[in-house]
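Single-structure report; data block below.
A short reminder: the numbers here are calculations on the coordinates, not readings from a lab. Treat the numbers as computed from the prediction; the structure is a model and nothing was measured. So basically every Cβ, Gly included, is an ideal-geometry build from the backbone, and we count neighbours across all protein chains shown.
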Amino acid sequence: MKGVLICGGMGTRLRPLTDITNKSLLPVYDKPLVLYPLQVLLDAGIKDIAVITGPEHMTQITQFLGDGSKYGGTFAYKVQEKPGGIAQALALAEEFAEGSRICAMLGDNVFFDDLSPMIKEFKKGARVFLKEVPDPERFGVAELDKDGKMVLSLEEKPKAPKSNLAVTGCYLYDERCFAMIRKLKPSPRGELEITDLSALYLEEKSLTASVLKDEWIDAGTFESLFRAAELVRERK
C-alpha cells in the first residue's frame, strides 16, 4: 500500500495566516499540522508517500518534509495547479501508485484513534472512517447498516443529514480508484469530489466504514486549529 498526503486548498478560512504559508504547516501545539496525518501513514507501515499541494506552497512543503529519509520513508511530490477537488488531487498520484492500494490522508486532519490495524487489514474495495459530530451538515455524511459496517448512503453537506456520522479525511481505496476517478463529473462547485468517488464503490456494495471512538479534528478553522492544539497538549 502507498500513501497520498493531500495538502492542497487555499485555506481561506485561516487567512491571514494562510496568506504566507500552507495551512498544513501551521503549528498544532509543538509541531506543524502536516506531521499528524503523516504519522498515521508511518504508523501503518506506509513509507512510500506522494505529497500533493499547490504551486504557491510547494517550495515550503518540500523544504520542510524533504525526501522522506528523516521519517524513514521516500516522498514524491505532485503539483495540483489549481484547486479541483480532493479526487482530482488524488488522481495526480496514479503514476506514483503503480497499481497499489492507496491510503489517502488530508493534510489538515488530526486523528487520535490508532488507525493502523484497520489500514493494514484493508485489501479491496474502499473504506472510510467516520466520526459522530454535532454539525454533520458541514461534512460528507454516511448512513450505516444495522451492523455498523456497510455504508447505505453518502451525501455531501446535506441539509437534512440521515445520520450524524461525518466522513473524515482518511480514505482507503483499491487500485481501481484511478479508473473510477476518470468517470467522475465535476460537482456544482466545479470540483471532482472525493464523496463521489466513494459513492462509486457504494454502488457496487464494496464500501465499508469504521466509526472512530476518540477525537478527530478537521483543523480548517481558527477554532478547530486551537482545539487540536489543546487536545495534543492535554495528552502530552
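Quick notes
- Neighbours of G9 by Cβ distance under 15 Å: Lys/Arg scored +1, Asp/Glu scored -1, total -1.
- Spin-label model distance (nm) - F112 vs E56, 7 Å beyond Cα toward Cβ: 3.2
- Residue separation of F226 and V79 scaled by 0.36 nm, minus their Cα-Cα distance, works out to 50.1 nm of gained length.
- Span-like helix ranges in the chain, DSSP H, alpha carbon extent 15 angstrom or more, Kyte mean at least -1.0: 222-234
- Full extension of the chain between R138 and K183 yields a length gain of 13.6 nm, computed as 0.36 nm times the residue separation minus the alpha carbon distance.
- Note on the stretch 2-234: the alpha carbon radius of gyration divided by the globular reference 2.2 N^0.38 Å gives 0.94.
- Euclidean distance between Cα centres, the stretch 1-64 to the stretch 102-179, Å: 20
- In Hz, Karplus ³J(HN,Hα) per residue of the stretch 145-150 (6.51, -1.76, 1.60; θ = phi - 60°; x = Gly, Pro): 6, 5, 7, x, 10, 8
- Computed extension length for D43-K205: 55.4 nm, one decimal, from 0.36 nm per residue of separation with the Cα-Cα distance subtracted.
- Label-reachable residues, the stretch 107-129, where backbone N falls under 17 Å from a point 7 Å from E215's Cα toward its Cβ: 108-115
- The stretch 43-128: translational diffusion in µm²/s, Stokes-Einstein, Kirkwood Rh over Cα pairs, 10 °C, 1.306 mPa s: 111
- Charge dipole magnitude, Cβ of K and R +1, D and E -1 - the stretch 52-163, Cα centre, debye nearest 20: 200
- The lysines within cross-link reach of K124, meaning a Cα-to-Cα straight distance under 18 Å and a gap of 8 or more places when in the same chain, are K2, K149, K205.
- Residues with amide H under 5 Å from that of V4, placed H, sequence gap 5 or more: A50, C103, A104, M105
- The chain, relative contact order in percent, only Cα pairs under 8 angstrom and at least six apart counted: 24
- Residues of the stretch 39-65 with an amide N closer than 19 Å to a point placed 7 Å from the Cα of E98 along the Cα-to-Cβ direction: 42, 45-52.
- Taking other C-beta atoms within 10 Å as the exposure proxy, I181, I217 rank I181, I217 from fewest upward.
- Too-long pairs where the Cα-Cα distance tops 23 Å, listed order kept, from K23/K159; K31/K236; K82/K123; K82/K183: K23/K159; K82/K123
- Positive minus negative residues near G169 (Lys, Arg vs Asp, Glu; Cβ under 12 Å): -1
- Each Lys and Arg Cβ is given +1 and each Asp and Glu Cβ -1; about its Cα centre, the chain then shows a dipole of about 80 debye.
- Our summary gives the stretch 1-125 a relative contact order of 39 percent, counting only alpha carbon pairs under 8 angstrom and 6 or more residues apart.
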